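Read through the structure below, which is laid out as structure tokens, and then see the notes.
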Amino acid sequence: MRCQDVLQFGQKLVCRRLLEPAEEYESHVAHLNILDLVVLGVGSTLWAGAYIIASAVAMHIAGPEIIISFLVAALSSLWSGLCYPELGARVPRSSSLYLSSYVTMGQLFAFITGWNFILFSVIYTACVAKAWSYAFDSLTGNHISQGLQGTFSVHMPYFLAAYPDFVVLGLVLLMIGVLILGARVTSLVAKVSIGLNLLVLSFILLSGFIKGDLRNWQLMEQDYNLAASGPNGTYSSEGLGPLGSGGFVPFGFDGILRGAALCYYLFFGFAVIVNKGKGARNPQRSIPLSMAISIFICFLVYSGVSASLTLMVPYYQTDPYNPLPQALLHVGWAPASYVMAVVILCALLYSLLGTMFFMSRMTYAMADDGLLFQELASIRAGTGTPIMATMSSGSLAGLLALLFKFHDIVELISLGILLAYTIMPFSVLVLRYQPDLNSSKNENTKNKSEISEREPSSSKPEPEAGTSNILKLLWSHVNTSPSPKSGRIVYGCALLLVPLLTALSLVLAQWPRRVFSGDPVCTTVAVLLLVLITGVTVTIWRQPRGPTPLLFKVPAMPVLPLMSIFVNVYWMMQVTPETWAQFGIWNAIGFAIYFGYGIRHSLAGNTDPQPPAADS
């Protein structure tokens, strides 16, 4: 009985949702060209809060070398981006990575993906709300922050913010009320917000070209000491950031990698390209090309704004909450700084509303599936708004923004999105080698008939057959199409690759100099891990691939998904242990909810209770 319970428990973890077939879905989608997809991709990727994150990264982690960090992050995100279209092609009506994971990989993968998307949206909401508060405070001459700090700073623990930001809390509560009332972001509002965002970014690029000073890329210790002895509070509410070694690359190669890890998620606006690209004339060409062009354009904009910012203001004096108006104030353009603050307030409001809308809908979707508490799926009559999901997730974001420092929570944004986008290439890798449902059934019927025909003539057992068959499956193409057994081999190999790639990423992230300098222990461990990874990869490559026709398929299988997994895991190793502790607490809470409630109340009634590798 216990073995049966364990089997049922395992089947529950990988049970999948089934969607109703929609044969006519694709025929009603407009045929878009590459230019249309590029416009959609750039519009959804250039977030209003991006330069707030970039400023914090430049001040505390990377300095002027954040430009190189953006380049590394852009190239890495393209690898993961090329995996998304194939997963989306398997679920034509899905516009969500959470739903795609649920339909293709099962319940546990979907929960991890959705739970970490909630983490991302909660933290991003807190950061954008805090940025709005500081932009508003700058218009009042910083009187609000000075008053709150003078009243509450002596009562705040050292690990929290210097004072509780009640403006942030009030803003988030106001947005919760707006969403509960059923407000919708119309196309006109979206276009106006994108226009304002482009106006802000264009103006700051022009300002950096006119008022930038190359000396700010050559700063040394004497410049830092001079700034530290002066009234630096004008530039940052938390004083000066670290100097590093000075110059253009003050934090070295480590700063580039840590900066890339935090800027990585800023390029993940390509979901709209995947969803709309299904109706393109040639998806196999249009989707990757438009994705690459969009990421390149966004890289130019992000790096250009970061270059302008660090040229106008020394990187250790940038304001992590209100960087652009303060930069204009620093170069003597006070009127422009006030106009910029007003424009940023409007752009940030739209960004905040959009993020909170996504956050509430993700919470509602998981609750509606039974993976979170069913009360969170309650709908307000008349507007169709998920009232409890909006209130709970919004309140959590408001509480974080109220109490915590900006740079203490900003790293959590990347961890949540990186884990979710690590599951994506893993899913693509496993699913490509699975048998088609109908063909696997026919194969099983054929095998049974062949066994029944041979049964009377078989007289002697063959003990070596099992071992030889496994070796043949591992290293040679026994069949031209995948079988349930070859699918299970790929699934097992993919699961084995995850700890191997994690161990290699950890070694390279923690001891890179010892590895490349020839340290006997670290170098031997790295080489051994590479040999094992190569062997497992070759084993996957030798397996037959699924015959299912798709609008888009990832090229260079299985190398590209494995490289994407490795890069994502490597970026995750760049964050601090404190951030990992916070991330662990979040996911421990999530698993407690899932195993204590979600796994017993999930509504995946029409599911395939088999793991992805045993699709039969």
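From the phi of every residue in region 74-81, what ³J(HN,Hα) in whole Hz does the Karplus formula 6.51 cos²θ - 1.76 cosθ + 1.60 yield, where θ is phi - 60° and glycine or proline is x?
5, 5, 5, 5, 5, 4, 5, x
Give the peptides 329-341, 281-293 in descending order of average Cβ contacts within 10 Å, highest first. Let's see the in-between values first.
Working: 329-341: 16.5, 281-293: 18.9.
With the highest mean Cβ count within 10 Å placed first, the list reads 281-293, 329-341.
Show me 8-14, 241-247 ranked by packing, highest mean number of other Cβ atoms within 10 Å first.
241-247, 8-14
Length gain on complete extension for the stretch Leu214 to Asn282, per 0.36 nm per residue less the alpha carbon to alpha carbon distance? Before the final figure, lay out the partial values.
Details: separation 68, 0.36 × 68 = 24.48 nm, distance 4.56 nm.
So the extension gain works out to 19.9 nm.
What's the carbon and sulfur percent of region 294-368's accessible surface, probe 1.4 angstrom, rounded to a whole number? Write down the numbers at each step before the final one.
On the way: 1590 of 2080 Å².
Accessible surface attributable to carbon and sulfur in region 294-368 totals 77 percent.
Show me 166-175, 310-319, 206-215 ranked by packing, highest mean number of other Cβ atoms within 10 Å first.
Values: 166-175: 19.3, 310-319: 26.7, 206-215: 14.4.
Answer by packing, highest mean first, reads 310-319, 166-175, 206-215.
Taking the simple approach of a point 7 Å from Cα along Cα-to-Cβ for both Gln374 and Phe595, what is their distance in nm?
2.4 nm
Between region 89-168 and region 267-343, what is the separation of their alpha carbon centroids in Å?
First find each Cα centre; the distance between them is then 19 Å.
Given H placed 1.01 Å from N in the peptide plane, which residues other than close sequence neighbours of Lys405 have an amide H under 5 Å from its amide H?
Ala161
Taking amide hydrogens as modeled 1.01 Å from N in the peptide plane, which residues meet the under 5 Å criterion relative to Arg380, leaving out close sequence neighbours?
HN-HN under 5 Å from Arg380: Thr385, Ile387.
Could you provide, to the nearest whole Å², the per residue accessible area of region 54-135 with probe 1.4 Å?
Working: 1370 Å² over 82 residues.
With the other protein chains kept in place, region 54-135 gives 17 Å² per residue.
Return the distance in nm (one decimal) between the two label points of a simple spin-label model at Ser202 and Gln510, each offset 7 Å from Cα along Cα→Cβ.
Between Ser202 and Gln510, the label points sit 5.0 nm apart.
Once you have the Cα-Cα distance between Glu578 and Cys346, take 0.36 nm times their residue separation minus that, and quote the gain in nm to one decimal. Please list the in-between numbers first.
Details: separation 232, 0.36 × 232 = 83.52 nm, distance 3.36 nm.
Here the answer is 80.2 nm.
Please work out the FRET efficiency for the pair Leu603 and Val498, using the Cβ-Cβ distance as r and a Förster radius of 45 Å; give the result to the nearest 0.05.
Given R0 = 45 Å and the Cβ-Cβ separation, E is 0.95.
Out of Met391, Gly354, Met366, whose Cα points farthest toward the positive end of the dipole of region 290-417 (charges: +1 Lys, Arg; -1 Asp, Glu; placed on Cβ)?
My answer, from the dipole projection, is Gly354.
In whole Hz, what ³J(HN,Hα) sequence does region 484-495 give by Karplus (6.51, -1.76, 1.60; θ = phi - 60°), x for Gly and Pro?
x, 5, 5, x, 5, 4, 5, 4, x, 5, 5, 5
How large is the dipole of region 309-425 about the Cα centre if only Lys and Arg carry +1 and Asp and Glu carry -1, each at its Cβ, rounded to the nearest 20 debye?
Here region 309-425 has a charge dipole of around 200 debye.
Spin-label point model (7 Å from Cα, Cβ direction): what's the Val6 to Val538 distance in nm?
Placing both labels 7 Å along Cα→Cβ, they lie 3.4 nm apart.
In whole Hz, what ³J(HN,Hα) sequence does region 218-223 give by Karplus (6.51, -1.76, 1.60; θ = phi - 60°), x for Gly and Pro?
10, 6, 10, 5, 5, 5
The values are calculated or read from the model by the stated rules, or taken from the named source; none is laboratory data. Remember, it's a predicted structure, so these values are computed and weren't measured experimentally. Virtual Cβ from ideal backbone geometry, glycine too; neighbours counted across all protein chains shown. Each accessible area value is taken on the protein alone, full model and side chains, heavy atoms only, with ligands, DNA and RNA left out. Shrake-Rupley method; radii C 1.70, N 1.55, O 1.52, S 1.80 Å.
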